[in-house]
Each structure stands twice: as structure tokens, then as C-alpha cells.
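A.B. asks: My questions will all concern the structure given below.
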Amino acid sequence: MTPHGAIRPMADRAARGQKLGRVVAAHAARSTTAKLSAPLRSDAANARKRDEALLRFADELVTVIGGMKGAALKLGQMLSMFDVGLSTPATREEFRARLAPLFDSAPAVDDAVMMSILDAQLGTAARARLTVTPTPIAAASIGQVYRAILDGNEDGGGREVAIKIQYPDIGSAVRADLKNLALVVRLGRGRLPGVDLDPIVAEVSRRVLAELDYRTELANHRRMYDFYRDHPSWRIPEPIAELSTDRVLVTEYLDGMSFAEAIDLPVAERDRIGEAVYRFYCGGVYDLGEFCADPHPGNVLVLPDGKLGFLDFGLYLRMDRDDIALQRNAFRALMERRDADVYQMIVDAGFIADPDAMGVEDAVGYMRSVAGWHLVPQPVTMTDDLARRVFASAVLPGSGHFGQIRQQNLLDTHAFSRRTEMSVCALLGQLRATAPWGAIAREWLYDPRPATPMGESIAHWRRKNAG
């Protein structure tokens, strides 16, 4: 018998795939029926019918996907970011609101099952060092997080740690879900106006598979902890390697305010938090040659001393020196409005597979529409609306660039780097943060004087560490 809350075997996952397929097929059938009767209705009535169908689709996805782990849950989360052809801002917000439960309602696996995994992974001696609170503090797509005391005693003491434990059988579950998502692509192609499902599913696949190996995450985490030790603006929790395995990751526990709570702080605090988020996620590649490709509200904490705590290093990507130089030089040329130089750089790098389909004006126009918010040195206030426009310019049909950009090549690390920037843009939009983003970027691109007091403190930290 399968323990309560455990991920069930392949037959059950096949049933999950069938349920998911039925949701998409039902939406496809409703769309076909609506299309046949469309000539009999006004444009406004057709728009209402389309909106009603998509909102019902969102409800059904939450019902089916909300009970899953792994890749299927990620798909629903990513769909909530897309425009999907809804007719008004109000219905677009409603669509996102109906999919919102997918971000925080991952069903918890029974704690006894998770503790049995912890016991088996650590062994008797190591497990005896941990006193675990058997209620998860977080339940996500591939694992649960518990709070514990390391090396405590009868009088208390010890050190607070966080333990991330993978769900049972999650590797095969994820791979099965990826096959199920291929079904979604086949059935959903053409049925969701404004959404190209293929790159979404490809992104989900890369993202989830990369997160399955906790030893890789531990190595990433250790590098970040060592490099940013005693940083003036943020803190990385210390990883505890001797208690970590391929399915268990133990780190220092950070207690702080969530990002969701931080969006209601006073303006000056939100601006400071936004600047730290931008510097950490967008500037990291220039510090270390690698960057976190998964900026997410759940991975950011505001600590009592004002620093930010950054969590989760499962998806950390290395960019080689030539690619960093290309990125730096292209951004410089964009800032200096040397459009012909920018275009030649991306042609030479292999981004432009079909120059006839995308010439200088179109290519540079696309780059400016996506990156313009951090090209100018003046302060810019990020908003949800501006973040959506950046995202739409990058990936959505109807943006004016979609048909052209689909015929070109976006190489892997650069694709993730741009995705990181768009995710940061969304975080800053939620904060409604204001800063001279372009002036801060110039610190990395030209190495001038720091643009802000935070930049000054970071420059002092670098000089101290270099000495």
C-alpha cells in the first residue's frame, strides 16, 4: 500500500496525465464550439465568451494540477504569467488570480513519509544530531522544507537549520509529468491565443530537471556562501555539507520577513530592497561568471538587520568569459546607441540566423523594448504594468517582434540571463521600486564610481576582501 501523501507509481501518474489531457481537450472542444457560433454574435459577445472559456480553463487547471508535484505544477505557475489573449486588463488579472493557488498550495506529503526519507538518507548517527519540527514550513514542486535544531540538548541550545527533503519517487514523477506536458502541447497548440506552449514546456523541463540533484545545488550554494560572506547588503545561509545528500539539503535557517510582506513597506525600504534584488540577480554574473536563473518571491527574505537573505541555488548557470564579454559589450553599445555595432555583435555570435527576417532596426528595437528599463542612467520606477510590457515585448505574440524573434537563435546561457532580468523586472514591479537601474548597471559595464550609497558600501567590501 502506498503511504498517505506519497507520490504514487506510474499507473497513477498516467491517470494524472489523462486528467490533464481531459482539461485541455475540454477547453479545445469549447473553443471549437464557440468558434462555430461566433458569426452569430457581436465582437463584444465573442470576447466575453472567449474570456469565460479561459477563466473556466484556469479553474480546471487549478483543480487538476494543484494536486500534482513536479513539472505539471511549474506549467500552471508559468501560464499565469502569460497574456493568453484575454480581452481586458480586468480579465487578465482575474486569470492570474485564479491560477494564484498554484504558487502556494502544493499538497504536503505526509510528514512520516518525509521523515523516513530523512532517516534513510542520513543514517542513525547524523539523524540523531537533528531535532526536527515535523510540520513543513514550505511545500514546493519537488520537496518540502522543515525547521530543525542541530546538536541541541535537553536545555535547548543548538543551531536552527532548514532541511529540504525531496519527495519520494519525485525523479520518475517529474519525468512522467514532462511526457504529460507534451500531451498538453499537442492538444493546446492553437487553442490558447497568445501562448506558444513549446518554449514554455522546454523551459519547465530544463528548470525542473536541473533542480533534482541536491548535490549540485549544494555546490552552487557553497560557492555563493563563500564569495558573499560578510556582504553588506545580503546574506547567504551557510550550507551544512556533512548533513546533505543528493535528496536532502541542510542549511542555516534564516528568519525574516517574506517578500510578499515587504511589498507593503514604506517607499524608501522598498527602493532599498529593490536595489539589492537587482544587484544580486543581475550583477552576479559579473562578480563570479555565473548567475541564479530562478529569481522568485519565495527565495527572498528581509532579515531583521535590513539585509536580504537569498535562498535556493538549484538553478545556477555559468557563463563563459567570451559570453560575458559579449553581453557587456552589447549592453555598452546599446547604452551608447551604436546600433550597427550591436547588430554586428549578435550576428557574429550566431543569434541572428536569418538577417533578412530581422535587420538592424528590428533587432535593436527588440533589445531596447526588453532591456530599456535599465539602459538609461536616470531613476526609473518599476510597476507591474511596466514589467508586463517588458515580458510581452520579449515573448508574446502581438508584441511586434514575436514572428521575427522566433526565427532567430537565443543561445542557452543568454536565454536564461534574459529570463533572469525579466523575472527581476517582475519582482521590482511588485515592490514598485525606484532606482537608477542603468547607472547601477554601468558599475558592472564600465567600472565607474558607485552610483548609490549601497554601491559605495559594496565597493568598500570588495576592496577590503581584495586586500
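A.B. asks: Could you give the accessible area per residue of the range 314-392, probe 1.4 Å, as a whole number in Å²?
C.D. replies: Working: 3940 Å² over 79 residues.
Per-residue accessible area for the range 314-392 comes out at 50 Å².
A.B. asks: I've got another one for you. Order these peptides, 457-466, 251-260, 430-439, by their mean beta-carbon neighbour count within 10 angstrom, highest first.
C.D. replies: Working: 457-466: 12.6, 251-260: 17.0, 430-439: 20.9.
Listed from highest to lowest mean packing, they are 430-439, 251-260, 457-466.
A.B. asks: Just to confirm my numbers, what's the Cα centroid distance between the range 431-453 and the range 255-327 in Å?
C.D. replies: Answer, in whole Å: 14.
A.B. asks: Stokes-Einstein D for the range 332-377 at 4 °C, 1.567 mPa s, Kirkwood Rh over Cα pairs, in µm²/s?
C.D. replies: 120
A.B. asks: By the scheme Lys and Arg +1, Asp and Glu -1, what is the net charge of all other residues having a beta-carbon under 12 Å from that of Ala276? Let's see the in-between values first.
C.D. replies: On the way: positive: Arg235, Arg270, Arg272, Arg279, Lys307; negative: Glu269, Asp271, Glu275.
Around Ala276, the charge tally is +2.
A.B. asks: As a test of reading the structure, rank Arg270, Arg127 by solvent-accessible area (1.4 Å probe, protein chains only), most first.
C.D. replies: On the way: Arg270 20, Arg127 50 Å².
Largest accessible area first, the residues go Arg127, Arg270.
A.B. asks: Estimate the FRET efficiency between Ala241 and Asp111 by the formula 1/(1 + (r/R0)^6), using the beta-carbon distance for r and 22 Å for R0, to the nearest 0.05. Could the numbers behind the result be given before it?
C.D. replies: Values: r = 25 Å, r/R0 = 1.14.
Working from the Cβ atoms, E equals 0.30.
A.B. asks: Give me the distance in nm between label points sitting 7 Å out from Cα along the Cα-to-Cβ direction at Asn329 and Ala466, one decimal.
C.D. replies: The two pseudo-label positions are separated by 2.4 nm.
A.B. asks: Average projected area of the Cα convex hull of the range 259-347, in nm²?
C.D. replies: Answer in nm², one decimal: 7.5.
A.B. asks: If you stretched the chain out fully between Leu288 and Arg48, how much longer would it get, using 0.36 nm times the residue separation minus the C-alpha to C-alpha distance?
C.D. replies: Numbers: separation 240, 0.36 × 240 = 86.40 nm, distance 5.02 nm.
Contour length minus the Cα-Cα distance gives 81.4 nm.
A.B. asks: If contacts are Cα pairs under 8 angstrom and at least 6 residues apart, what is the relative contact order of the range 230-305 in percent? Numbers along the way, then the final one.
C.D. replies: Details: 55 pairs, mean separation 25.7, N = 76.
Answer for the range 230-305 is 34 percent.
A.B. asks: About its Cα centre, how strong a charge dipole does the range 215-372 have in debye, to the nearest 20, once Lys and Arg get +1 and Asp and Glu get -1 at the Cβ?
C.D. replies: Values: 17 positive and 29 negative charges, 62 e Å.
Dipole magnitude for the range 215-372 comes out near 300 debye.
A.B. asks: Would you kindly state how much longer the chain becomes between Glu361 and Leu209 on full extension, computed as 0.36 nm times their sequence separation minus their alpha carbon distance, in nm to one decimal? Working shown, then result.
C.D. replies: Working: separation 152, 0.36 × 152 = 54.72 nm, distance 3.74 nm.
Value of the extension gain: 51.0 nm.
A.B. asks: Would you calculate the separation in nanometres between label points at Ser457 and Arg318, each defined as 7 Å from the Cα along the Cα-to-beta-carbon direction?
C.D. replies: Simple spin-label model gives 3.2 nm for this pair.
The values are calculated or read from the model by the stated rules, or taken from the named source; none is laboratory data. Being a predicted model, the structure only gives us computed values, none of them experimental. With ideal geometry, Cβ positions are generated from the backbone for all residues, glycine too; neighbour counts draw on all protein chains shown. Quick note on the areas: whole protein, heavy atoms, side chains included, nothing else; ligands and nucleic acids left out. Shrake-Rupley method; radii C 1.70, N 1.55, O 1.52, S 1.80 Å.
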